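In what follows, a structure is listed as structure tokens, so that the remarks can point back to it.
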Amino acid sequence: MTNFAPAAAESTVQSAGAGILQVGPVNPTVQAVLASEFGAARLPDAPGEREVFLAEHADEVRIAVCSGKVGVDTDLMRRLGNLDAIVNFGVGYDATDVDQAATRGIPISNTPDVLTDCVADTALALYLDVLRRISAADRYVRRGDWETKGNFPLAVRASGRRVGILGLGRIGGAIARRLEGFGCEIHYHNRRPLEGTTYAYQDSAEELAGAVDVLIVAAAGGPASVGLVGASVLANLGPEGYLINIARGSVVDEDALVAALLGGRLGGAGLDVFADEPRVPSALRELDNVVLLPHLASGTVETRGDMAELTLANLRSFLDGGTLLTPIS
Ligand code: 8YV
């Protein structure tokens, strides 16, 4: 690994034989430590340079460090024939070929728990914003419409609603607990009902949407959840219904969502994630009943710091003892 180009220009220390590769952009703290402490290389983004790099170094790579957004995909994993572990910054790892990793016995770590509160807070922020039209009202004031047009149109009540959580895991549960404080009636759908919860279980995403006023998507990304929220789910939510997504863009059929919003068949949406980030369908930008965020749910100084620490702790644990602290399963 000594021929690896260091991940940051200021890096001088090389840890010969560590075999650590940074794949795609990662959190700045993680990147700096990877370069300075471990002498890790960064996989070039440009296809030509990447090819040259892999031809020379692929077999030296033992540990790949990536973000949930880029991951280690099918082709790259195939090229890394001696890969021993994948250390993923973020709770979601759907950009990584999990099946290939499992087949080859390559463990993957993620960063659960430390981001649960911030992601749940963001879901609540979107919930309140979409139902009470906070961003739209802010635009109304800034445009001077309050002075020229009078009072802002009435919104709908956010407290006491029926809310469906699609994916009642750690983050879904934290969202539900927050909504209890708003007097909401919680329904959920998972692959199977959970023991020990009083929330109402619904057998499918469609049934969940039909039972609630607001559907909050908190399901993990990956092949099993692609397009889970499609036209039929949106139809069941209906023109008075709202969709919030803080999970992955892939869980929602984005074309069906845009069509439902444009056709007035859905009341509104609050979205932190999209099918092809950072590209957001231009039709959505025109709609006043839609709140759009740039995938920032975990984006606070404290949480990103905790995620960086946990990522590096996983890396050190694997280097020291061959085990990951927070493996995905
Ligand atoms: C991060 C996320 O923005 O953890 C996740 O799965 O979506 C976010 O917290 C992302 O992982 C950064 O790569």
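The values are calculated or read from the model by the stated rules, or taken from the named source; none is laboratory data. Only a predicted model underlies this, so the values are computations on that prediction, with no experimental measurement involved. Positions of Cβ are generated from backbone atoms using ideal geometry, with glycine treated the same way; all protein chains shown enter the neighbour counts. Only protein heavy atoms, including side chains, enter the accessible area calculation; ligands, DNA and RNA are left aside. Shrake-Rupley method; radii C 1.70, N 1.55, O 1.52, S 1.80 Å.
Laid out as a table, the results:
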read-out	value
From 183, 173, 164, residue being out of contact with any Cys (no Cβ under 8 Å at 6 or more places or on another chain) and over 18 Å from residue 243 (Cα atoms)	183
Identity of the residue in the range 241-256, free of Cβ contacts under 8 Å to residues at least 40 places away in the same chain and over 23 Å from residue 299 (Cα atoms), that ends up surrounded by the most Cβ atoms within 10 Å (Cβ to Cβ)	241
Single residue of 65, 119 found to be within 27 Å of residue 214 (Cβ to Cβ), within 12 Å of the ligand (Cβ to nearest atom) and open to solvent by less than 50 Å² (accessible area, probe 1.4 Å)	119
Identity of the residue in the range 34-62, farther than 28 Å from residue 273 by Cα and touching a helix residue (DSSP H, G or I) at 6+ places or on another chain (Cβ under 8 Å), that ends up nearest to the ligand (Cβ to nearest atom)	40
Failed criterion for residue 270 (all others in (1) in a loop (DSSP other than H, G, I, E, B); (2) open to solvent by less than 70 Å² (accessible area, probe 1.4 Å); (3) not basic (Lys, Arg) hold)	(1)
Residues of the range 175-211 satisfying the condition of being of a type in the set (A, V, I, L, M, F, W, C) and surrounded by 20 or more Cβ atoms within 10 Å (Cβ to Cβ)	175, 176, 179, 184, 186, 205, 208, 209
Some residue of the range 82-89 being exposed (fewer than 15 other Cβ atoms within 10 Å of the Cβ), part of a loop (DSSP other than H, G, I, E, B) and either assigned by the TED database to the domain that holds residue 205 or within 16 Å of the ligand (Cβ to nearest atom) (or both)	no
Count - residues of the range 24-40 that are surrounded by fewer than 24 Cβ atoms within 10 Å (Cβ to Cβ) and in contact with a Leu (Cβ under 6 Å, 6 or more places away or on another chain)	1
